[in-house]
Amino acid sequence: MLRSNARLLLFAFIAVLITAGSLLYSNHLARQLLTQEQKHMELFAKALEFAGDLENNNCEVSWVSQNVIQSNEQIPTILVMNDQVNSTMNLGLAEDLDNDTRVAAEYNILEDLKSNADPAPIIIPFNGQSMYIYYDESPMLKKLRFYPYLMLLVIVVFISIVFGSFFIAKKNEQNKVWVGMAKETAHQLGTPVSSLMAWVELLELKGAENPEDLELVEELKKDVDRLRNITERFSKIGSVPELEEVSLSKLLDQAAGYLRKRMPKKVIVEVLNEIPEDGKLHVNEALFEWVIENLLKNALDAIKDKGTISIHAFQRGRNYIIEVSDTGKGIPKHQWKSIFKPGFTTKKRGWGLGLTLTKRVVENYHKGKIFVSNSELGKGTTFRVVLPR
């Protein structure tokens, strides 16, 4: 576990380094390209100034025009004289625009360039007047500025996929351990439970001669049946549960009735079922009865020898809700989620698996939710189970 987490953290650290390095290098390239474009525009401005000087040789002007001015094929440029657009280059406007639409678009772009202080326009003398050269970053430079964020997004998605795959694989591995342990437990319990059932039948036959022992044998039979049900529940872990419509009243009465006779006399169990008689739970009876029993046993552990355990079932919207409350010692708020983790327990004995298995049965097999809805230290705890109708 620790080794896997260390590898995951190392991978995340390397990914962060790669991302940071890519961002820094891309920004460095963008700054270099921006510097080159600014130098190119300065040369472009000098070439225009040279071409506008009437005293220069026509051949020289022609050479400058062809090799410097017309070499600007990327940088959007607008030349302005007397507040009028004199010429434009690389604005990316469609060629089939009519003249009025094109002029309006050019002036809109010019206003955008004027509103940006950076880069500042270059001012040159041209034919005895001042020419303003407005320009913007080239499409290549803009893409290069956008590239680091695109790369960051790709890396984040990649890391998310890796982390997700890791946790899914980890969860699948845990599921295999759970299933293997549950099935092995069912297998180990199978033989002694079968033997106990045979012994109970033998005691029943002998009990016909001793009527006073019939009640004892009957309770023993219930305990053996309970062991058989537990074995059946463990054997169903990992397989697709067979869901059926079950009466909630029947489930609650079975679970509470069995535990009542095995609880201390000063422990009171109250059942309030507000779900109509025709309200059926779509559950696996054996597994869900286990959920109720487990919550009742946890409540009994919390109150020990004296207190009250309450079961309240009601309907809210499209959900059935079952609350199991006790008047026990309560759970600190920072442990409300931890109690469902494997191995967590406040008891001196036990593996801390009861609530973990309960959560798996409710959420994985019945698509419901289970959580601590309320708890106060010294006053008690309420567990809530929410099941879709």
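Charged neighbours of His312, selected by a Cβ distance under 15 Å, balance to -3 (K, R count +1; D, E count -1).
The amide H of Ile309, built 1.01 Å from its N in the peptide plane, has Ile268, Val269, Glu270 as neighbours under 5 Å, considering only residues 5 or more places off or on other chains. Of the trypsin sites (Lys or Arg not before Pro) in the stretch 255-299, the ones in a loop by DSSP (not H, G, I, E or B) with at most 13 other beta carbons within 10 Å are Lys261, Arg262, Lys265, Lys266.
Once backbone amide H atoms are built at 1.01 Å from N, Asn374 has Thr382 as its partners under 5 Å, excluding neighbours fewer than 5 places away on the same chain.
For the stretch 260-276, backbone phi angles converted through the Karplus equation (6.51, -1.76, 1.60; θ = phi - 60°) give residue-by-residue couplings of 4, 6, 10, 9, x, 5, 8, 9, 9, 10, 10, 10, 10, 10, 9, 7, x Hz, Gly and Pro being listed as x. Taken one residue at a time, the phi angles of the stretch 376-389 give Karplus couplings (6.51, -1.76, 1.60, θ = phi - 60°) of 10, 4, x, 10, x, 9, 10, 9, 10, 10, 10, 10, x, 6 Hz. Gly and Pro are set to x. For the stretch 340-345, backbone phi angles converted through the Karplus equation (6.51, -1.76, 1.60; θ = phi - 60°) give residue-by-residue couplings of 8, 7, x, x, 7, 7 Hz, Gly and Pro being listed as x.
Where a number appears in this text, it was derived from the coordinates with a stated rule and is not lab data. Not measured: the values here are computed from a predicted model. Virtual Cβ from ideal backbone geometry, glycine too; neighbours counted across all protein chains shown.
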